[in-house]
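One structure below.
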């Protein structure tokens with residue numbers, strides 16, 4: 001068994017051609033580009049038991065070689081994935097079930113009759129592969145770069161494969177992100193943790209591609225730094241999956257959720273006070289502001305305008321053809337991996353970062369609730385939008401961490417705050433102003449809100 005650490009980047013055919021000639025890859029290319037045709041047959045049961053267990057089983061023909069591969073459940077965070085991989089070289093192109101023993105076969109599939117495994121789809125593509133190596137400080141980095149072009153084929157349906165895959169052979173995972181970010185500075189690269197197997201399953205069922213990543217497990221004892229890192233990784237990864245699925249099918253709700261993810265990410269980044277000094281978050285905040293300034297008004301306009309909704313998928317493709325989204329995703333991953341918000345903070349900031357979530361979060365929410373001054377906006381509902389950043393900071397923490405607080409009616413408060421935020425985003429009319437006023441009263445009278453104000 002070997003552990004596979006890689007990052008997949010969706011590209012256009014034009015970008016794929018440009019990567020072959022990229023000066024950075026040329027300089028570090030130690031092997032030249034090796035051309036191969038790879039024919040891959042994937043297997044599963046008719047009930048898709050392997051897919052549900054996050055397991056991929058394939059036979060690959062690589063020239064004269066036949067390789068059986070089993071990839072088991074691993075972790076994928078914002079495009080950077082780690083999975084356990086088992087390879088067996090076979091004498092003929094026939095699945096060898098005896099290789100799938102207890103040493104590699106997942107326990108949750110122990111009762112599965114392996115004789116029910118059948119071919120379900122193929123991924124056939126041309127791969128140009130090169131060994132990319134350089135010195136990173138005193139350490140050597142070796143990365144296999146693969147340019148893949150071909151198709152996933154499931155029955156009568158097919159989807160193009162056009163991607164750059166970077167797999168770590170030697171060195172630290174940070175080196176993968178560094179190389180990808182350097183390439184993404186001038187070429188549109190879209191971090192995308194959908195595997196070729198997931199694409200095949202998606203052709204059978206568009207909903208098989210999971211958009212809801214496992215929620216981070218937070219407790220009252222979780223240090224603030226760890227909670228922030230877990231939530232930010234989660235939101236970044238979710239935004240990338242939403243972007244991929246919206247690119248694939250153009251469903252409006254996915255674009256709304258993508259923008260909401262970015263807004264939550266922006267709110268979290270600005271909520272930490274001295275635990276994340278402004279200088280340390282400046283670049284990330286500026287990138288998020290740029291995306292939200294372009295996409296938030298469009299999503300708001302699309303709520304009542306079908307023409308806006310119809311035009312949005314093409315506009316999103318244009319976004320992906322620019323370097324902005326890929327560079328933001330990769331730089332944010334690097335920032336998180338290095339925990340860059342902790343680098344230059346003072347003693348008080350370090351103390352805040354180490355504080356337990358159960359003691360830090362009530363203080364934050366109490367301060368924000370007091371500063372919101374809801375009675376003022378009962379009298380001046382036309383000005384409520386100026387408080388959206390504060391409302392969103394409260395929302396984001398209640399969304400993901402209210403379970404660590406022992407305050408009654410937090411679920412109801414979260415729902416009522418969502419309504420208040422929606423009203424603050426709507427155009428001003430007499431009806432909207434009255435609704436804002438009434439909703440401000442509802443939140444102010446909420447039992448959990450009163451508890452926060454007393455803290």
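Going through region 424-444 one residue at a time, which ones are surrounded by 14 or more Cβ atoms within 10 Å (Cβ to Cβ) and not in a helix (DSSP H, G or I)? Correct list: 426 only. Would you say residue 289 is farther than 29 Å from residue 339 by Cα and in a helix (DSSP H, G or I)? When the stated conditions are applied, residue 289 does not pass them. As a summary of the residue check, residue 144 satisfies the conditions (1) closer than 24 Å to residue 31 by Cα; (2) more than 26 Å from the chain's Cα centre (by Cα); (3) surrounded by 14 or more Cβ atoms within 10 Å (Cβ to Cβ) except for the one numbered (2). The set of residues from region 292-325 being part of a loop (DSSP other than H, G, I, E, B) and surrounded by fewer than 13 Cβ atoms within 10 Å (Cβ to Cβ) comprises 304, 305, 322.
Looking for something in contact with a helix residue (DSSP H, G or I) (Cβ under 6 Å, 6 or more places away or on another chain), farther than 23 Å from residue 28 by Cβ and touching a residue at least 40 places away in the same chain (Cβ under 8 Å) - is there at least one such residue anywhere in region 165-184? There is no residue in region 165-184 that is in contact with a helix residue (DSSP H, G or I) (Cβ under 6 Å, 6 or more places away or on another chain), farther than 23 Å from residue 28 by Cβ and touching a residue at least 40 places away in the same chain (Cβ under 8 Å).
Only one residue in 362, 381, 375 is in the same structural domain as residue 444 (by TED's automatic domain parsing) and over 16 Å from residue 444 (Cβ atoms). Which one?
The unique qualifying residue is 362.
Return a yes/no flag: does region 36-48 have any residue that is touching a residue at least 60 places away in the same chain (Cβ under 8 Å), under 17 Å from residue 104 (Cα atoms) and assigned by TED's automatic domain parsing to the domain that holds residue 117. The answer is yes; a qualifying residue exists. For region 195-218, name all the residues that are modelled with pLDDT of 85 or more and within 18 Å of residue 268 (Cβ to Cβ). Residues satisfying the conditions are 215, 216, 217, 218. Among the candidates 172, 160, 198, the residue that is over 16 Å from residue 38 (Cβ atoms) and surrounded by fewer than 16 Cβ atoms within 10 Å (Cβ to Cβ) is uniquely 172. Out of 262, 268, 337, one residue alone is crowded, with 19+ Cβ neighbours inside 10 Å, closer than 26 Å to residue 191 by Cα and modelled with pLDDT under 95. It is 337. Scanning region 93-136 for residues that are closer than 19 Å to residue 197 by Cα and assigned to a strand (DSSP E or B) returns 118, 119, 120, 121, 122, 123, 124, 125, 126, 127.
Residues that are crowded, with 19+ Cβ neighbours inside 10 Å, part of a helix (DSSP H, G or I) and touching a helix residue (DSSP H, G or I) at 6+ places or on another chain (Cβ under 6 Å) do not occur anywhere in region 206-221.
For the residues 6, 85, the requirement of being assigned to a strand (DSSP E or B), touching a helix residue (DSSP H, G or I) at 6+ places or on another chain (Cβ under 8 Å) and in the same structural domain as residue 192 (by TED's automatic domain parsing) singles out 6.
Return the residues of region 222-231 that are in a helix (DSSP H, G or I) and either in contact with a helix residue (DSSP H, G or I) (Cβ under 7 Å, 6 or more places away or on another chain) or within 18 Å of residue 243 (Cα to Cα) (or both); say none if nothing qualifies.
So the first thing to find is which residues in region 222-231 are in a helix (DSSP H, G or I), and the list is 224-231.
Hits for region 222-231 are 224, 225, 227, 228, 229, 231.
The values are calculated or read from the model by the stated rules, or taken from the named source; none is laboratory data. Source: prediction; values computed, not measured. All Cβ positions, even for glycine, are placed from backbone atoms using ideal geometry, and neighbour counts span all protein chains on display.
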